[in-house]
1. Are there any pairs, at least 6 apart or on different chains, whose C-beta atoms fall under 8 Å, with the first in region 110-132 and in contact (Cβ under 8 Å) with a residue 60 or more places away in the chain and the second open to solvent by 20 Å² or more (accessible area, probe 1.4 Å) and polar (S, T, N, Q), and if so, which?
2. Could we say that Ala122 is part of a helix (DSSP H, G or I), exposed (fewer than 12 other Cβ atoms within 10 Å of the Cβ) and of a type in the set (A, V, I, L, M) here?
3. Answer yes or no: is there a residue in region 126-142 that is in a strand (DSSP E or B) and either at pLDDT below 90 or more than 12 Å from the chain's Cα centre (by Cα) (or both).
4. Picking from Asp75, Asp48, which residue would you name as being charged (D, E, K, R), open to solvent by less than 30 Å² (accessible area, probe 1.4 Å), under 30 Å from Gln164 (Cβ atoms) and in a strand (DSSP E or B)?
5. Val117: of a type outside the set (S, T, N, Q), over 15 Å from the mean Cα position of the chain (by Cα) and surrounded by 12 or more Cβ atoms within 10 Å (Cβ to Cβ), yes or no?
Amino acid sequence: MASSQLTNGKEVNFDVIFGPAYKGISLGAVVCAALYNDFGVDVGFAYDRKEAKDHGEGGKLVGASMENKRVLVIDDVITAGTAIRESHKMLSSIGANTVGVIIALDRAEKRSLDDPVSAVQAVARDLEIPVVSIASLPQLQAFLQKSPDYDDAILASVTEYRSQYG
């Protein structure tokens, strides 16, 4: 899946970046800042809270309005896809159009024994949206094999994780 699915060559195909609580908040904020500072791309930013506040600005959602907007979700990983599916459902309920998901790391985990595709592939298939990862566990594994800066125990740990879950 290419990140070109999120642009038309000259501009991005989304209006708002949504960072799900918790790690998606900081990732989404940094991406918004980088898009503006490095490319002059000005998009809105929003995030959710795990629980709604009843004081201050209140509510569960914070930031730019997402109603009738094209929304790109940014998060750290997809494990089983549950959190992304919940975000997609919530965004749909307020009239937002989820146009894609970006994750920092694709752990290449299988969702279940009954479904032979990875959790990332299942989200893309089931929600019919592109899911783009910045890096994958196999890429991390290859990096660790070549890098003299990391102990062999780290590579062994990643390899064991991948054989158990991937």
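1. Every condition considered, the pairs that remain are Pro130/Gln5; Val131/Gln121; Val132/Ser3; Val132/Gln5.
2. No: the conditions fail for Ala122.
3. Checked against the condition, which is being in a strand (DSSP E or B) and either at pLDDT below 90 or more than 12 Å from the chain's Cα centre (by Cα) (or both), region 126-142 yields at least one hit.
4. Asp75
5. In short, yes.
The values are calculated or read from the model by the stated rules, or taken from the named source; none is laboratory data. Keep in mind that what you see is a predicted model, and the values were worked out from it rather than measured. When we count neighbours, we look across all protein chains shown, and the Cβ atoms used for this are built from the backbone with ideal geometry, even at glycine. Note: areas computed on protein heavy atoms with side chains; ligands, DNA, RNA excluded. Shrake-Rupley method; radii C 1.70, N 1.55, O 1.52, S 1.80 Å.
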